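Participant: Please find one structure pasted underneath; my questions will follow.
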Amino acid sequence: FNILVALLLLCVFLSLTSPAFLTTGNLFGVARAFSLTAIVAIGQTLVILTGGIDLSVGSVLALAGLSTGMLLQAGWPLPLAMLAGLGVGVAFGLFNGVMVTRVGLPPFIVTLGTLSIGRGLVYVLTKGYPVTIPYDYAPFIALGQGYLWIVPIPVVIMVALTVAGVVFLNATTLGRYIYAVGGNPEAARLAGIAVDRVKLFAYVTCSTLAALAGLILVARLVSAQPSAGLGFELPVIAASVIGGTSLMGGEGTVLGAVLGAAIMGVLENGMVLLGVSTYAQQAVTGTVILLAVALDIWQKRRRGSR
């Protein structure tokens with residue numbers, strides 16, 4: 001609720017200071033811009049809820065989009081090329097999950113390694129050159145550029161995934177297990193919960209959603225860029241944290257993560273409309289992240305002292 005209030009207050013402020021903010025084109029443009037961050041933040045939230053973190057989402061996004069783009073360029077049928085791209089996400093998620101749960105490596109180290117592996121593969125495959133998507137694949141391009149009535153398709157996908165994520169975490173047994181594992185993994189294990197399987201599911205879901213975002217981005221640009229997703233893990237984690245997800249695990253919501261992505265998107269758009277320099281924008285975004293984490297820690301200490 002606090003995040004929603006903050007978003008509404010930000011929108012009111014920008015609507016008063018910039019007449020262009022409340023136009024239909026600008027609002028849908030903002031929603032399209034932060035939709036990819038929100039989609040991946042949904043998966044990242046599941047991972048953080050279990051007490052982990054996934055730094056490889058940007059590389060997975062780039063490699064999945066590149067894989068689909070190269071296969072389409074080679075003449076593969078569209079469904080198979082898209083499944084192959086999503087398969088890249090599944091493979092990375094399985095690897096991350098197995099290394100964390102079976103080998104016992106820290107999530108930060110594992111996903112930092114796969115971040116580098118994924119990015120290295122992207123540059124090896126492309127040699128630094130973009131891969132253009134043939135315009136024959138109009139249905140695929142519509143995934144990034146199309147509209148459902150006046151709503152961009154990426155926004156429709158974001159809303160659908162948000163609803164699915166909210167229902168999953170609040171109305172399914174596995175969703176409750178994710179909270180239990182993040183809150184106290186040892187207690188969850190003693191209660192009969194398959195902790196490793198729950199964590200594995202979270203990592204696979206996160207990487208798969210990152211791959212989906214990669215496909216949407218390639219469809220939007222009609223090309224797979226080697227630099228796609230560089231540093232993407234930072235706004236994704238920030239969206240989740242700003243939305244109230246605790247980095248200690250066990251606390252957070254999918255809706256909060258999406259609202260966190262919306263706040264970042266609206267804030268960035270507002271600074272552009274107000275003529276704030278690019279360098280200052282980065283400083284403001286960093287300040288917002290620090291304030292969000294500080295507020296989260298303060299609220300936990302306050303509850304603990306009661």
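Participant: Filtering the range 5-26 down to residues that are assigned to a loop (DSSP other than H, G, I, E, B) and among the hydrophobic types (A, V, I, L, M, F, W, C), which residue is farthest from Val272 (Cα to Cα)?
Facilitator: Residue satisfying both the conditions and the ranking: Leu22.
Participant: Please work out if Val163 is open to solvent by 50 Å² or more (accessible area, probe 1.4 Å) and closer than 17 Å to Val258 by Cα.
Facilitator: Judged against the criteria, Val163 is a match.
Participant: Sticking with this one: Of the residues Gly65, Gly69, Gly29, Gly52, only one is of a type in the set (Gly, Ala, Ser), within 28 Å of Val198 (Cα to Cα), in a helix (DSSP H, G or I) and in contact with a helix residue (DSSP H, G or I) (Cβ under 8 Å, 6 or more places away or on another chain); which?
Facilitator: Gly65
Participant: Any chance the range 231-245 includes a residue that's more than 22 Å from Glu268 (Cα to Cα) and touching a residue at least 12 places away in the same chain (Cβ under 8 Å)?
Facilitator: The answer is no, given that none of the residues of the range 231-245 is more than 22 Å from Glu268 (Cα to Cα) and touching a residue at least 12 places away in the same chain (Cβ under 8 Å).
Participant: Still on this structure: Can you spot a residue in the range 60-80 that is over 23 Å from Leu247 (Cβ atoms), small (Gly, Ala, Ser) and surrounded by fewer than 24 Cβ atoms within 10 Å (Cβ to Cβ)?
Facilitator: The answer is yes; a qualifying residue exists.
Participant: Can you name the residue in the range 121-160 that is of a type in the set (Gly, Ala, Ser), farther than 23 Å from Gly43 by Cα and free of Cβ contacts under 8 Å to residues at least 60 places away in the same chain and is also least open to solvent (accessible area, probe 1.4 Å) among such residues?
Facilitator: That would be Gly146.
Participant: Cβ contacts < 9 Å: first residue of a type in the set (Gly, Ala, Ser), restricted to the range 2-22; second residue open to solvent by 60 Å² or more (accessible area, probe 1.4 Å), any location; separation 6+ or different chain. Result?
Facilitator: Matching pairs, first to second residue: Ser15/Leu22; Ser18/Leu273; Ser18/Leu274; Ala20/Leu273.
The values are calculated or read from the model by the stated rules, or taken from the named source; none is laboratory data. Being a predicted model, the structure only gives us computed values, none of them experimental. Cβ atoms come from the backbone with ideal geometry, glycine included; neighbour counts cover every protein chain shown. For accessibility, only protein heavy atoms count, side chains too; no ligands or nucleic acids. Shrake-Rupley method; radii C 1.70, N 1.55, O 1.52, S 1.80 Å.
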